[in-house]
Amino acid sequence: SELTFIMVKPDGVQRGLTGEIISRFERRGFKLVNLKMVHASKEHIEKHYEDLAGKPFYPGLVKYMSSGPVVAMCWAGKDVVKQGRILLGATNPLASSPGTIRGDYAIDVGRNICHGSDAVESAKKELELWFGQEAAGIQYERAIDQWVYEN
Ligand code: GTP
Ligand code: MG
């Protein structure tokens, strides 16, 4: 099934929101297929956000994202890339709806606690960057899937 890359950013880890973020994806019915804590280097973050190089906030973004450990995850499920972005909420928490992760727990765009891939193609790229050979995650069956999916 479809895969996406979701990350708890350093502020989310520091604020003790890792469990809450994981829980929201779990309760929706998505399946966790990989997870690790990483204190990423500036170079690694520069690669992750290479599309944003040149933006005025880019240096601050790289500093923020490499300032402490993050929790990197691979989630699987139907339409999980798009649905994951909906669970996270708008980039700017001031524009995120209540009920979304950012809308419930963040205020500032530069401290928005979580990341989600914006397309199936970028998910593939990001999973390879963060998980390398394990990009596709762990293969396992869940008995609950018959209660989450009709087919
Ligand atoms: P990610 O899931 O982190 O990729 O966020 P996004 O896809 O919703 O937004 P985008 O990829 O455009 O920006 C990446 C990250 O850069 C955002 O999540 C913010 O942390 C940061 N960012 C984006 N725009 C701004 C901005 O205008 N000011 C600041 N300070 N940070 C920004
Ligand atoms: Mg993005």
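The values are calculated or read from the model by the stated rules, or taken from the named source; none is laboratory data. In this text the structure is predicted, and so the values were computed from the model without any measurement. Methodologically, a virtual Cβ is constructed for each residue, glycine included, from the backbone with ideal geometry; neighbour enumeration extends over all protein chains shown. Note: accessible area is taken over every heavy atom of the protein model, side chains too, but ligands, DNA and RNA are not part of it. Shrake-Rupley method; radii C 1.70, N 1.55, O 1.52, S 1.80 Å.
Things worth noting here:
- For the pair Ala90 and Asp108, label points projected 7 Å from Cα toward Cβ lie 1.9 nm apart.
- Using θ = phi - 60° and Karplus 6.51 cos²θ - 1.76 cosθ + 1.60, couplings along segment 86-93 (whole Hz; Gly, Pro as x): 5, 4, 5, x, 4, 3, 8, x
- Per residue, the chain exposes 56 Å² of solvent-accessible protein surface, assessed with a 1.4 angstrom probe and all protein chains in place.
- For Lys9, a cut-off of 21 angstrom between C-alpha atoms picks up these lysines, skipping any fewer than 8 places away in its own chain: Lys31, Lys36, Lys42, Lys47, Lys55, Lys63, Lys82, Lys124, Lys125.
- Helix-derived mean residue ellipticity, 222 nm - over the chain, DSSP H n ≥ 4, -39500 (n - 2.57), to 500: -10500 deg cm²/dmol
- Working note: Karplus 6.51/-1.76/1.60 with θ = phi - 60° gives segment 8-23 the couplings 7, 6, x, 5, x, 5, 4, 7, x, 9, 4, x, 4, 5, 4, 4 Hz, where Gly and Pro are set to x.
- The base-10 log of I(q)/I(0) for segment 69-151, evaluated at q = 0.13 Å⁻¹, reads -0.52 [Debye formula, identical scatterers on Cα atoms, solvent excluded].
- Surface composition of segment 1-130: carbon plus sulfur atoms contribute 53% of the solvent-accessible area (1.4 Å probe, protein chains only, all chains present).
- Taking the average, over residues, of other Cβ atoms within 10 Å as the packing measure, peptides 48-58, 121-131 rank 121-131, 48-58 from highest down.
- Were the residues from Tyr149 through Tyr49 laid out at 0.36 nm apart, the gain over their Cα-Cα distance would be 32.6 nm.
- Computed over segment 1-70, the ratio Rg/Rh where both radii use C-alpha atoms and Rh is Kirkwood: 1.01
- Using alpha carbons only: equivalent-ellipsoid semi-axes of the chain, gyration tensor based, whole Å: 25, 18, 14
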